[in-house]
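Taking it in order: structure first as structure tokens, then the write-up.
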Amino acid sequence: MALKLPSFGSAGSAPELMPQGRLAGPMPWVIAIMVALTVIAAAAGLALSNTARNAADALSGGVTVQVVEANPVERNRQAEAAAKALRATPGVTTAEIVPQEEVERLIEPWLGARVGDGQIPVPALVDVRMREAVTGETLGALRRQVRQVAPAARVDAQSSWLKPVFGAIDSLQWLALALVALLGMALAAAVLLAVRTSLGTNRETIEIVHLLGGTDAQIARVFQRAVGFDAAGGGAVGLALGLVVVLFLGQRFGGLEAGLVQSGALGWIDWVLLALVPIAGLVLAMLTARITVLRALRKML
């Protein structure tokens, strides 16, 4: 950001202190990198938020009944009795026995192919859906009712199984938010250093501008406009790079076909928020430039 000797075209016009760089120099590319990383971090945070919210909504009214019994005939009898009792319970919308083949398919990756040969007893599962979110009181009442007809049954809220997962997701959300904040601070620091360097290099020119009647606000406006041009160009490039990475990662994760992963898909509001990242970077860069110049000029002259 090199200054040149000012020239006044008309009374009251701002002096031209800094030629437009046309995206030359390192500043636009530094801003582009910061914006791209911010877009990626923000997209990760939004996806994690969607995952946690959708999973919590899906599991809030879910209850699973496990009948742990070695005798397959007794196991099936207790599972059917538990399902029948639950269907007659107020507040329960559905209570369906999970087919044994599906249960074996779900646990086969952990226990191997021996699951279906009868050597390893597999519990019977009853999938229960409630009209409202499951509370501790509701869960206790269901346990007492089910154990009257199925002594080997265990009743658990589905959301309790994923508490460690939700805790990890919360930690990753805070990490994404911290990264966005740190990247914003890094962008502001980069602008501050560039402006201070330009001010030191062009100190004599700025003194001449003051002698010719230029004000601190006019000088700050020139720096602000030049930094804004760099931030706009770099922000556009950074947004494009960030969106390419986000779309690529989204396609790869979508190929996993996992319910928990697919629930984190970005909505249109999320895309709008990502599009606002370079605008926020532009405002932050221009504000940093203006404050830096005005504070430096007060000390300089």
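The values are calculated or read from the model by the stated rules, or taken from the named source; none is laboratory data. Everything quoted here is computed from the prediction, not taken from an experiment. Positions of Cβ are generated from backbone atoms using ideal geometry, with glycine treated the same way; all protein chains shown enter the neighbour counts.
Filtering segment 256-298 down to residues that are over 26 Å from LEU239 (Cβ atoms) and assigned to a helix (DSSP H, G or I), which residue is modelled with the lowest pLDDT?
Step one: list which residues in segment 256-298 are over 26 Å from LEU239 (Cβ atoms), which gives 256-260, 293-298.
Then drop every residue that is not assigned to a helix (DSSP H, G or I), which leaves 259-260, 293-298.
Numbers: GLY259: 50, LEU260: 53, VAL293: 87, LEU294: 88, ARG295: 87, ALA296: 83, LEU297: 81, ARG298: 80.
Only one residue tops the list, namely GLY259.
Need pairs with beta-carbon distance below 6 Å; first residue assigned by TED's automatic domain parsing to the domain that holds THR51 and within segment 241-256, second modelled with pLDDT of 80 or more and in a helix (DSSP H, G or I); sequence gap 6+ or separate chains.
Listed pairs, sorted by first residue: LEU241/ALA36; GLY242/ALA36; GLY242/VAL39; GLY242/ILE40; VAL245/ILE40; VAL246/ALA43.
Here are some residues: ALA42, ALA47. Which one is at pLDDT 90 or above, crowded, with 21+ Cβ neighbours inside 10 Å and either among the polar types (S, T, N, Q) or within 16 Å of the chain's Cα centre (by Cα) (or both)?
Selected residue: ALA42, the only one of ALA42, ALA47 that is at pLDDT 90 or above, crowded, with 21+ Cβ neighbours inside 10 Å and either among the polar types (S, T, N, Q) or within 16 Å of the chain's Cα centre (by Cα) (or both).
Quick one: which residue in ILE219, ILE206 is within 16 Å of ARG290 (Cα to Cα), at pLDDT below 80, buried (at least 20 other Cβ atoms within 10 Å of the Cβ) and not assigned by TED's automatic domain parsing to the domain that holds VAL122?
Within the list ILE219, ILE206, the selection yields ILE206.
Does LEU199 qualify as being in the same structural domain as ALA52 (by TED's automatic domain parsing), touching a Phe, Trp or Tyr at 6+ places or on another chain (Cβ under 9 Å), within 21 Å of LEU284 (Cβ to Cβ) and surrounded by 12 or more Cβ atoms within 10 Å (Cβ to Cβ)?
Considered against the rule, which asks whether it is in the same structural domain as ALA52 (by TED's automatic domain parsing), touching a Phe, Trp or Tyr at 6+ places or on another chain (Cβ under 9 Å), within 21 Å of LEU284 (Cβ to Cβ) and surrounded by 12 or more Cβ atoms within 10 Å (Cβ to Cβ), LEU199 comes out as yes.
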